[in-house]
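The values are calculated or read from the model by the stated rules, or taken from the named source; none is laboratory data. On a predicted model such as this, the values are computed, not experimentally measured, just so you know. Every residue, glycine among them, receives a Cβ derived from its backbone with ideal geometry; neighbour counts consider all protein chains shown. Areas reflect the complete protein model, heavy atoms only, side chains present, ligands, DNA and RNA absent. Shrake-Rupley method; radii C 1.70, N 1.55, O 1.52, S 1.80 Å.
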Amino acid sequence: MEVKLKSQTIIFVIGGPGSGKGTQCERLAAKYEFQHLGVGNLLRAEAGRPTGQGRQIKDIMLKGALVPSGFVLDLLNDNMLKREEAKGFLIDGFPRELTQAKEFERLVRVGRPPNIVIVFDCSTETMIQRLLLRGQTGQRADDHEASIRQRLETHYSLCEPLIAYYQHKNLLRNPEDAIFTKCCSVIDGLL
Ligand code: ADP
């Protein structure tokens, strides 16, 4: 089981709340036949359980705080093992802090860093607008002002060391860079 997991492609998709991680991952997973694991989605399923732990997770998520990393890593590990036949994983919303990045390499059975990490850059205004709009549809209980503020704060305070960590490992990919590169090649063609 372990050997199989080791050969699978692992892609982390990180970005602020409302940056479009989940939406793009669904499309990418369908195109490449990868397994999409949205950590927020997995946690919402856990939060729906009528247990003490379920209620605790629900409270944390409603506030927009981070669920303890040990729980998140176990959940991710279990879900990756359950889908051992997948040829690749698109994992969105993970890691959210440096400890999670390091612990993944240490604790999750795959025992190595992801193949690449895709970062979604999005302006704060756009993220807030999208989340408030989604809040109006009632899809997500945490899309209210206080939680949005907390999620953004958590994101901005923790993402920099994470980005530096993966940059150092040369694993970081920013889709906007790819667009920039394409624009350059179009302009270069004029010169
Ligand atoms: P968003 O990125 O819009 O906040 P998600 O569905 O990705 O939405 O996450 C929702 C909530 O789930 C987060 O606010 C947090 O409470 C919890 N969560 C998601 N991913 C993680 C993670 N890697 N570590 C800890 N908590 C997480």
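Some points to look at:
- Residues that are of a type outside the set (S, T, N, Q) and open to solvent by 60 Å² or more (accessible area, probe 1.4 Å) within the range 29-47 comprise A30, K31, Y32, E33, R44, A45, listed in sequence order.
- Among residues of the range 1-28 that are crowded, with 22+ Cβ neighbours inside 10 Å and modelled with pLDDT under 95, those with a Cβ under 8 angstrom from a residue that is assigned to a loop (DSSP other than H, G, I, E, B) and small (G, A, S), sequence gap 6+ or separate chain, pair up as K21/G93.
- Residues in the range 79-119 that are within 11 Å of the ligand (Cβ to nearest atom), within 13 Å of I11 (Cα to Cα) and open to solvent by 20 Å² or more (accessible area, probe 1.4 Å): 0 in all.
- In the range 133-148, the residue that is most open to solvent (accessible area, probe 1.4 Å) out of those that are out of contact with any helix residue (DSSP H, G or I) (no Cβ under 7 Å at 6 or more places or on another chain) and not acidic (D, E) is Q136.
- For the range 134-177, residues that are within 13 Å of the ligand (Cβ to nearest atom) and among the aromatic types (F, W, Y) total 1.
- When the test is whether a residue is touching a Gly at 6+ places or on another chain (Cβ under 6 Å) and within 13 Å of the ligand (Cβ to nearest atom), L131 passes it.
- Of the residues making up the range 20-56, just one is hydrophobic (A, V, I, L, M, F, W, C), within 8 Å of the ligand (Cβ to nearest atom) and more than 22 Å from D121 (Cα to Cα), namely L43.
- Taking the range 1-106 as the region of interest, the helices (runs of 4 or more DSSP H) fully inside it that hold 3 or more residues being within 22 Å of I148 (Cβ to Cβ) and within 14 Å of the chain's Cα centre (by Cα) are 21-32, 39-47.
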